[in-house]
1. Within straight cross-link reach of Lys19, meaning Cα distance under 19 Å, which aspartates and glutamates are found once same-chain residues fewer than 8 apart are removed?
2. Mind checking which of Ser314, Val120, Pro274 is farthest towards the positive end of the chain's charge dipole, using Cβ charges of +1 (Lys, Arg) and -1 (Asp, Glu) about the Cα centre?
3. Checking the table Lys2/Lys63; Lys50/Lys297; Lys121/Lys218 against a 21 Å threshold on Cα-Cα, which pairs fail?
4. Students often forget the sequence filter, so: which aspartates and glutamates lie under 12 Å Cα-Cα from Lys185 once same-chain residues fewer than 8 apart are removed?
5. What is the local net charge at Phe189, summed over the other residues whose Cβ is closer than 10 Å to its Cβ (Lys, Arg +1; Asp, Glu -1)?
6. Please list the equivalent ellipsoid semi-axes of the chain, computed as the square roots of five times the alpha-carbon gyration tensor eigenvalues, in descending order and whole angstrom.
7. Could you tell me the extents of region 95-272's C-alpha atoms along the three principal axes, largest first, rounded to whole Å?
8. Trypsin sites (Lys or Arg not before Pro), restricted to region 241-314: which are DSSP loop and have at most 14 other Cβ atoms within 10 Å?
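Every read-out reported here was derived from the displayed coordinates using simple, explicitly stated rules and does not represent laboratory data. Treat the numbers as computed from the prediction; the structure is a model and nothing was measured. Please note: Cβ atoms are built from the backbone with ideal geometry, for glycine as well, and neighbour counts cover all protein chains shown.
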Amino acid sequence: MKILITDGLEPEAVVMLRKAHEVSVQELDSKALLGAIPPYHALIVRSRTKVTKEVLDRGASLKVVGRAGVGVDNIDVTAATARRIVVVNAPTASTVSVAELAVGHMLSLFRHLPEADRSVKEGKWEKARLEGRELFGKTLGLLGSGRIGAEVAKRAQAFGMRVIAYDPYLPRPAAESLGIRLVEKDVVFREADVLSVHAALTSETKGMVGATELALMKREAILVNCARGEIVQEAALADALTAKTISGAAIDVFEREPPVGSPLLAAPNVVFTPHLGASTTEAQTRAGTLIAEQVMKALGGQRPEFVVNPGVYS
Ligand code: MLT
């Protein structure tokens, strides 16, 4: 069968797919994708390609769309389900990588690492100005605690942090077995010294961190977002940082990527990375091989493990 890969994929995954299928790797803009899609049975994307209803409607032969990563917010899953196109992702591939980045950002902000690096390179020796804080003894507040949040919690506990979470979908016994105390949303904002966002982007979570929530946070607290930019209202966060009602933020994801014109770019005490959560050799290798397996199963008529829209099988 014919497989189109539009955002690149690990070479070993492409080799796996080519053993059984005809594979084309092309970087296409949205117009070119509409023209190219009709003969393909499978489409594999990362986050760049937007798999819109229009793309799915034009994909007359499409049986499966594979997302080599976790978030499927760039895929119109409802439209795919309506056309009985299976959507699969690789939800376990980047869990550790994203968790490590989030913890790295916490340490980096608490110890002023980017600023310290700049200062030494400028020939300065500012030990007093760059005095930091320990994570030990602080409270980590998780906004969302699925696979990634749980890994962040384990690492935070190893640093001696207390972990609380707001996650309406996490059963209490599961939270307890992870040593996480489930709390109401306003409590997570009020009590966290470090608030780390680990929710998926849905209509429920979009914009859920706004001025009202930020106003609940402690002045010395920091916010880390390695999940999705649209969960945090950027203008409200920029205002909170400027007014120093929170002490800092680390942002890996933006409402629009790249974040041209974002008010956050001019805000003080914020450290950025360009959506690097899953950008490790290990995560990309796992995502590539996992999605290749999932897509091949779907094309072969088997039910893959990580189906995002199980309704297609009902
Ligand atoms: C994911 O959802 O897999 C990560 O955020 C990485 C990405 O979107 O590229």
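1. Once the sequence-local aspartates and glutamates are set aside, what remains near Lys19 is Glu10, Glu293.
2. Comparing the listed Cα positions along the dipole, Ser314 ranks first.
3. Values: Lys2/Lys63 10 Å; Lys50/Lys297 23 Å; Lys121/Lys218 32 Å.
Violating the 21 Å limit, Cα to Cα: Lys50/Lys297; Lys121/Lys218.
4. By straight Cα distance, Lys185 reaches Asp167, Glu213.
5. Working: positive: Lys185, Arg190, Lys218; negative: Glu184, Asp186, Glu191, Glu213.
That sum, taken over residues with Cβ under 10 Å, equals -1.
6. Values: eigenvalues 286, 89, 67 Å².
Value: 38, 21, 18 Å, ordered largest first.
7. Extents along the principal axes, in whole Å: 53, 35, 28.
8. Lys244, Arg256
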